[in-house]
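Report on the structure given below.
The values are calculated or read from the model by the stated rules, or taken from the named source; none is laboratory data. What you are looking at is a predicted structure, and each value in this text was computed from that prediction instead of being measured. Glycine gets a Cβ as well: all are built from the backbone with ideal geometry, and neighbour counts include every protein chain shown.
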Amino acid sequence: MPASKYSKYVVTELKEPEARKKLAPVYNKYAKRILWMDEDVVPGSFNMNASWYLKASTTIDDKPHTHDHDEIIGFFSNDADNPYDLGGEIEIWLENEKQIITKSAMIFVPAGMVHCPLILRKVTRPIFHFTVVQSGTYVKKERE
């Protein structure tokens, strides 16, 4: 894309933070990150990332944690004819409650809410995943 006044706001290739790049060898075994945006990629932006989940895994995000900002977590079917059939089964914990996701879903996680582990129990076709954190960087505080 040619440079223009506003092209700095358009992200078309993956620019992950160094901490995330270090996790890539494990992450790439079950997922493919598409894009990442935070204040280091686009100054002033909040954090968002997008990936395809490709196969089951118990190593996605296995530590309960919180954020100082609200978060939205999304899981979407890739079947346009049946957009609510997720094509898999995801387990995610919100506080002390296990949630089993089998339909396309968006989850609102208020600031300070303990969430995870996140486990991909079954993936029969790719699942589109994203997270949005209303902060310029993705910072998690691990909990027991």
Q: State all residues of the stretch 67-86 that are exposed (fewer than 13 other Cβ atoms within 10 Å of the Cβ) and either touching a residue at least 24 places away in the same chain (Cβ under 8 Å) or β-branched (V, I, T) (or both); if no residue qualifies, say none.
A: D68
Q) Name the pairs whose Cβ atoms lie under 9 Å apart, with the first residue in the stretch 3-29 and closer than 21 Å to F46 by Cα and of a type in the set (S, T, Y), the second modelled with pLDDT of 80 or more and surrounded by 10 or more Cβ atoms within 10 Å (Cβ to Cβ), and 6 or more positions between them or separate chains? A) Y9/V42; Y9/S45; T12/L35
Q. Which ones in the stretch 85-122 are part of a strand (DSSP E or B), under 14 Å from D70 (Cβ atoms) and among the hydrophobic types (A, V, I, L, M, F, W, C)?
A. L94, M106, I107, F108, V109
Q: Scan the stretch 126-144 and report the pairs whose first residue is outside any loop (DSSP other than H, G, I, E, B) and whose second residue is at pLDDT 65 or above and of a type in the set (D, E), with Cβ atoms within less than 8 Å and a gap of 6+ or a chain change.
A: T131/E71; V132/E71; V133/D70; V133/E71; K141/D68
Q.
With the structure loaded, tell me whether S57 is buried (at least 18 other Cβ atoms within 10 Å of the Cβ) and touching a Ser or Thr at 6+ places or on another chain (Cβ under 9 Å) or whether it fails that test.
A. no
Q | From N78, N49, N82, residue being closer than 14 Å to F130 by Cα and assigned to a loop (DSSP other than H, G, I, E, B) | A | N78
(Q) Suppose we filter E39, E13, E89 for residues that are acidic (D, E), touching a strand residue (DSSP E or B) at 6+ places or on another chain (Cβ under 9 Å), buried (at least 16 other Cβ atoms within 10 Å of the Cβ) and at pLDDT 90 or above; which single one remains? (A) E89
